[in-house]
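The values are calculated or read from the model by the stated rules, or taken from the named source; none is laboratory data. Note that the structure is a prediction, hence the values are computed from the model and not measured. Using ideal geometry, Cβ is built from the backbone for each residue, glycine included, and neighbour counts are taken over all protein chains shown. When the accessible area is computed, the model is the full protein with side chains, heavy atoms only, and any ligands, DNA or RNA have been set aside. Shrake-Rupley method; radii C 1.70, N 1.55, O 1.52, S 1.80 Å.
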Amino acid sequence: MPFNWHPDEPPPSIESHTLAKLAVLRSYLRAYIDRLNVNPSREEFKLDLIDGFAGGGMYLDGKAEVSGSPLVMLEETEKARIRLNERRVKQLHIDCKFYFVDKEQAHTDYLREVLKVRGHHINDDRIVIRNGQFENEIEGILASVQDRQPRSGRSIFLLDQKGFSRVQLSLVARIFRKFPAAEVILTFAADALVNNLSETQRTLKAVAPIQLTVSQISDLIQQRDANFGRALMQRTLRDHVRHLTGATFDTPFFIRPRQSRRALWFLHLSKHPTARDVMIQLHWELQNTFEHYGSGEFGMLGWDALKDSKTLPLLKFSELDAQQMQKELLESLPRKLFKLVSEHPVALDTLRHLFANQTAARFSDLDQVILQLVQEREFEILNQEGKVRSRRIKRLARTDLVTLPTTLLLPGLSRLS
């Protein structure tokens, strides 16, 4: 059910899934800004934050006011300025520009009033509010970001659409072509699409923004009707989104609203592995806010097509889930590594990138499993110069090389047997 704001009425009541998304957005902005400003000598940090479906900026949770996404962006930027300058000799200037877009005039009017009450001065130099469709505003926003940041275009686009068809995937691709350093957080109503997919003109029109062809729709419908078909559809759609947008990495997780029980994806898209790892770390830190069916290892996203759905585990990012994921990775990772390094050593950084979209594991989780396999003599680690590192090493470097040991374990003693 869509939220509505009106200047003469109290803000709408917030729903649990919106609280969850706002919690991740807030935490991610904090981690993102901190990660990019670890150098204490840095004096300026430029960032553009864009909310394509901004709403009115405020909700009610019972009688308590809850900040919407525009206020979350403003609050976390100010908190970062204070936090990062506490112990700095050279003060860090966070130069952040905000763009808040909504198609409803009542929503932008409400947002303006909320920002004024909070003491924010609205002008096109720092806070831009536009009443219009996101697709009609994006070119002006991209031009503004480029004027401010001609080299990096460092930016985060929050596209919290209601459904699956209000954001044209070609626009997301346009963002990544223009700014490889950009990131996009996209809400995608996966269950609604899966449930309503049909070979009708109405469906073709509805899915035009996500560029599904007649033949693709037909294939998806056939998958849906097969055993474990919904799992195949989910994975096909995920690959489709990543391919069309040009994103290299994504972290897709299910959110199940209590009202509809239809799963949403809160999909983080980027071209940088560090961005992906920061986001997935937050999913583990915010335990049980997000969930997905399936294991945490290489059966990520949706239902595991190789298991009985009645006995399929529900991963909720708890400590027990982390322990189980480690066990599963120890079973599945050796064979994947063996295929990759059987002909020549492969850099750890390369392996992280290859596995990132296949598992709920953080890079640190993958590193720990590889270290255990090294201790078990399944693999060896070479440094950048090609020299063997000790099996007792506690931490891997990005440039380390994973390779097969000189002497392979006997059959029956190896996890590969």
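Taking Cβ atoms as reference points and 15 Å as the exclusive limit, the residues near Asp102 contribute a net charge of -2, counting Lys and Arg as +1 and Asp and Glu as -1.
In the context of the full set of protein chains, the chain has a per residue accessible area of 48 Å² (1.4 Å probe). Packing, taken as the mean count of other beta carbons within 10 Å per residue, orders the peptides 22-35, 189-202 from highest to lowest as 22-35, 189-202.
For Cα extents along the principal axes in Å, the candidate list reads [x] 76, 62, 40; [y] 93, 55, 31; [z] 66, 53, 44; the entry that matches the value derived from this model is [x]. Among the GluC sites (Glu not before Pro) within region 127-176, not one is in coil by DSSP while having at most 11 neighbouring Cβ atoms inside 10 Å. Assuming charge only on the beta carbon of Lys and Arg (+1) and of Asp and Glu (-1), the dipole of the chain about its Cα centre is about 820 debye to the nearest 20. Taken over the Cα atoms of region 361-411, the convex hull encloses 75 Å³ per residue.
Compared with the dominant Cα axis of the chain, that is its longest principal axis, helix 105-117 is turned about 90°. If R0 is taken as 45 Å, the Cβ-Cβ distance between Arg87 and Asn136 corresponds to a FRET efficiency of 0.50. Distant-in-sequence amide contacts of Ala181, defined by a placed amide H-H separation under 5 Å and a gap of 5 or more residues or a different chain, comprise nothing.
So what is the diffusion coefficient of region 15-88 in µm² per second by Stokes-Einstein at 4 °C and 1.567 mPa s, using a Kirkwood Rh over Cα pairs? Using the Kirkwood radius from Cα pairs, D works out to 95 µm²/s.
With R₀ fixed at 35 Å, the C-beta to C-beta distance from Leu60 to Ser170 puts the FRET efficiency at about 0.45. Under the combined filter of DSSP loop state and at most 15 neighbouring Cβ atoms within 10 Å, region 343-397 retains these GluC sites (Glu not before Pro): Glu343, Glu376, Glu385. Summed over all non-identical Cα pairs, the Kirkwood treatment of region 91-133 gives a radius of 11.2 Å. Counting Cα-Cα pairs of region 34-128 in 5 Å increments starting at 0 gives whole-percent bin shares of 3, 12, 22, 21, 15, 12, 9, 5, 1, 0.
For the pair Lys327 and Lys79, the difference between a 0.36 nm per residue extended length and the Cα-Cα distance amounts to 85.4 nm. Computed over the alpha-carbon atoms, region 139-237 gives an Rg to Rh ratio of 1.08, Rh here being the Kirkwood radius from the mean inverse distance.
Ignoring ligands, DNA and RNA, what percent of the 1.4 Å accessible area of region 37-153 is carbon and sulfur? Answer for region 37-153 is 45 percent, counting heavy atoms of protein chains only.
Spin-label pair Lys336-Lys205: with each label point 7 Å from Cα along the Cα-Cβ axis, the two points sit 4.3 nm from one another.
Once the Cα-Cα distance is subtracted from the 0.36 nm per residue extended length, the Ala143 to Glu285 segment shows a gain of 47.5 nm. For Asp125, the shell of other residues with beta-carbons less than 11 Å away shows a net charge of +1, using +1 for Lys and Arg and -1 for Asp and Glu. The amide H of Val66, built 1.01 Å from its N in the peptide plane, has Tyr59, Leu60, Asp61 as neighbours under 5 Å, considering only residues 5 or more places off or on other chains.
Among the GluC sites (Glu not before Pro) found in region 53-89, those both in a DSSP coil and sparsely packed, with 14 or fewer other Cβ atoms within 10 Å of their Cβ, are Glu86.
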